[in-house]
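Undergrad: Have a look at this one before I ask anything.
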Amino acid sequence: MREHAIAAAGHATGTIGLRVALRKATWADGPLLVGWRNADRDLFGDTTRLTLDGHLSWWSGVYERDPWDHLYIVEAGGTPAGTIGIRLGGRPEIQRVLLGDKTLARAGVMSAALDLLTESYGLPRYWLRVKTSNAPAVRFYERNGFRRYEQDGEWTLMTR
C-alpha cells in the first residue's frame, strides 16, 4: 500500500490560502462522519439515517478488514472540512467524497484534497461514481479533470 505516500506528500494549499492536509480517518471520527453523512444523505445510494452504532459496525467491516480501502479526513488549516477515500485494486476508485464544513470545502479545499490524494498515490487513472442527479458534484469533478465515461441508472461513472 501507499500509506506513507500521503504523509510524505505533506500538504496542498486551497484557494483561500489554508493548508490542506489529509489524515487517515479513525474509529474516533465516527460521530463527525455520521453527522456529515446524515446532513447530505439524499446524495448517497442508501438514504437511511445513519446511527453511530451502524457506522461503527460498517467501519469495522470495511476499514479494519480491507487493506484496499482508505478513508481520509480533509483538514483545512487544521479544521476538518470533509472526507475523501480511495479503493485500490483492479480499478482505483475515488469514493466517499463528503463535504463537512461546506464553506471550507467549496473554497478550493476539496479540489486541493483531490489533487493531493491523486498525486500521492500516483496512479495512471482514477475512477469514481456519482449520482447523476447530483449536478454540483458532477460539475466539481469535471472542473477537476474528470470526464463522464458512462451512465448506469442513477449513477454516472467518471474517469481521469
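Undergrad: Quickly estimate the mean residue ellipticity at 222 nm for the chain, helices only: each DSSP H run with n ≥ 4 gives -39500 (n - 2.57), and the total goes over all residues, rounded to 500. Walk me through the intermediate numbers first.
TA: On the way: 5 runs with 49 residues, N = 160.
Value at 222 nm, helices only, nearest 500: -9000 deg cm²/dmol.
Undergrad: Next question, about the same structure. Counting only residues 5 or more places away or on other chains, whose amide H sits under 5 Å from the amide H of Tyr126 once H atoms are built in the peptide plane?
TA: The list, which skips near neighbours in sequence, is Arg160.
Undergrad: Using unit Cβ charges (K, R positive; D, E negative) and no other charged atoms, how large, in debye to the nearest 20, is the dipole of the chain about its Cα centre?
TA: Values: 21 positive and 18 negative charges, 78 e Å.
It works out to roughly 380 debye.
Undergrad: For every other residue with a beta carbon closer than 13 angstrom to the beta carbon of Asp29, add +1 if it is Lys or Arg and -1 if Asp or Glu, then tell me the sum.
TA: +3
Undergrad: Still on this model: Rank these for me by crowding, Glu119, Glu150, going from fewest to most other beta carbons within 10 Å. Spell out each step's value before the answer.
TA: Numbers: Glu119 12, Glu150 9.
Placing the least packed residue first, the sequence is Glu150, Glu119.
Undergrad: If you don't mind, another one. Mind running the shape call on the range 3-125? Use the C-alpha gyration tensor, a ≥ b ≥ c as the square roots of the eigenvalues: rounded below 1.5 for a/c, prolate if a/b tops b/c, oblate otherwise.
TA: On the way: a/c = 1.73, a/b = 1.19, b/c = 1.45.
The shape class here is oblate.
Undergrad: Sticking with this structure for a sec: Cβ neighbours within 10 Å, averaged per peptide: list 59-71, 84-96, 106-118 in order, most packed at the top.
TA: Working: 59-71: 14.2, 84-96: 17.5, 106-118: 21.6.
Ranked from most to least packed, the peptides come out as 106-118, 84-96, 59-71.
Undergrad: Report the calculated FRET efficiency for Asp42 and Leu123 (r = Cβ-Cβ distance, R0 = 35 Å), to the nearest 0.05. Mind showing how you got there, number by number?
TA: On the way: r = 31 Å, r/R0 = 0.88.
Step by step, r from the Cβ atoms, then E = 0.70.
Undergrad: Taking θ as phi - 60°, what are the ³J(HN,Hα) couplings along the range 138-149 by the Karplus curve (6.51, -1.76, 1.60), each to the nearest whole Hz, with x for Gly and Pro?
TA: 4, 5, 4, 5, 5, 4, 9, x, 7, 10, 5, 9
Undergrad: Thr26 label point, 7 Å along Cα→Cβ, cut-off 12 Å on backbone N: hits in the range 43-78?
TA: Flagged as within label range: none.
Undergrad: Taking 0.36 nm per intervening residue step and subtracting the Cα-Cα distance, what contour gain separates Arg65 from Ser133 on full extension?
TA: Length difference between fully extended and current span is 21.3 nm.
Values quoted throughout were computed directly from the atomic coordinates according to the rules given, and no laboratory measurement underlies them. Remember, it's a predicted structure, so these values are computed and weren't measured experimentally. Every residue, glycine among them, receives a Cβ derived from its backbone with ideal geometry; neighbour counts consider all protein chains shown.
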